[in-house]
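The values are calculated or read from the model by the stated rules, or taken from the named source; none is laboratory data. In this text the structure is predicted, and so the values were computed from the model without any measurement. Using ideal geometry, Cβ is built from the backbone for each residue, glycine included, and neighbour counts are taken over all protein chains shown.
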Amino acid sequence: MKRSIMVSATSVLLCAAILSGIAWCLMGFPWNRLWITVLTGWTEFHARCFKFISERKNWAGSEKICQNIGGNLASVHSEDEFTFIRELVKQHDSSEPGFWMGLSDRNQDGTWLWSDGSRVDFTLWNPGEPTNVGQKDGVQGNYRKTKGWNDLGNHWRLASVCVLRHC
Ligand SMILES: [Ca+2]
Ligand SMILES: [Ca+2]
């Protein structure tokens, strides 16, 4: 009798452990994040999600692709973040192509704004950039050897990186 009570106590504990495991699987596991990062191709960095777009488009066309999937062309707010973005591009294309980011002076030549509306609090222009030669430009990452930023005419067709403000 005593033994069977002990066995059933163990079974109850075991059952409870299994049930809480199942409950965690259903409720606690970050399914959303898995869905976003694995199935949709977005990759999280510091609570925002980024995605490489290999299709070459002009700046406005690339911004449109990003908007169609719920985001904008990527804004960049630290060197760490830009390093992460460069790695993301490299993972998808080992030739490390130039890519459009969300920075442009499309409304007023010389006034740089991010297309997602965030503040311009960090830049990583290549030496001598922006050349800003009196035209409305987009900004390309991975420019030349130093792989920093370059302003160039919006009509150039480049790959791009999109961002979701929240993953
Ligand atoms: Ca310009
Ligand atoms: Ca330039």
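Residues in the range 145-167 that are in a loop (DSSP other than H, G, I, E, B) and without any contact (Cβ under 8 Å) to a residue 40 or more places away in the chain were compared, and the one that is farthest from ligand 2 (Cβ to nearest atom) is Lys145.
Restricting the range 129-144 to residues that are within 14 Å of ligand 1 (Cβ to nearest atom) and in a loop (DSSP other than H, G, I, E, B) leaves a set whose member that is surrounded by the fewest Cβ atoms within 10 Å (Cβ to Cβ) is Gly134.
One residue stands out among those in the range 118-129 that are without any contact (Cβ under 8 Å) to a residue 24 or more places away in the chain and within 19 Å of Ser160 (Cβ to Cβ): the one that is farthest from ligand 2 (Cβ to nearest atom), which is Val120. Pairing residues of the range 69-94 that are in contact (Cβ under 8 Å) with a residue 40 or more places away in the chain and within 10 Å of Cys162 (Cα to Cα) with residues that are surrounded by fewer than 22 Cβ atoms within 10 Å (Cβ to Cβ) and small (Gly, Ala, Ser), at Cβ distances under 6 Å and at least 6 apart in sequence or on separate chains, gives Ser75/Ser118. Filtering Leu164, Leu158, Leu152 for residues that are closer than 20 Å to Glu44 by Cα and buried (at least 18 other Cβ atoms within 10 Å of the Cβ) leaves a single hit, Leu164.
For the range 114-123, the condition of being touching a Leu at 6+ places or on another chain (Cβ under 7 Å), within 13 Å of ligand 1 (Cβ to nearest atom) and in a strand (DSSP E or B) holds for none of the residues.
Is one or more of the residues making up the range 126-139 in the same structural domain as Lys64 (by TED's automatic domain parsing) and closer than 19 Å to Cys49 by Cα? Checked against the condition, which is being in the same structural domain as Lys64 (by TED's automatic domain parsing) and closer than 19 Å to Cys49 by Cα, the range 126-139 yields no hits at all. Contact map, the range 96-112: first residue more than 13 Å from Ser62 (Cα to Cα), second residue among the small types (Gly, Ala, Ser) and assigned to a strand (DSSP E or B), Cβ cut-off under 6 Å, separation 6 or more or different chains; pairs are Pro97/Ala159.
Scanning the range 117-158 for residues that are among the β-branched types (Val, Ile, Thr) and more than 18 Å from the chain's Cα centre (by Cα) yields Thr131, Val133, Thr146. The requirement of being more than 15 Å from ligand 1 (Cβ to nearest atom) and out of contact with any strand residue (DSSP E or B) (no Cβ under 6 Å at 6 or more places or on another chain) is satisfied by Lys147.
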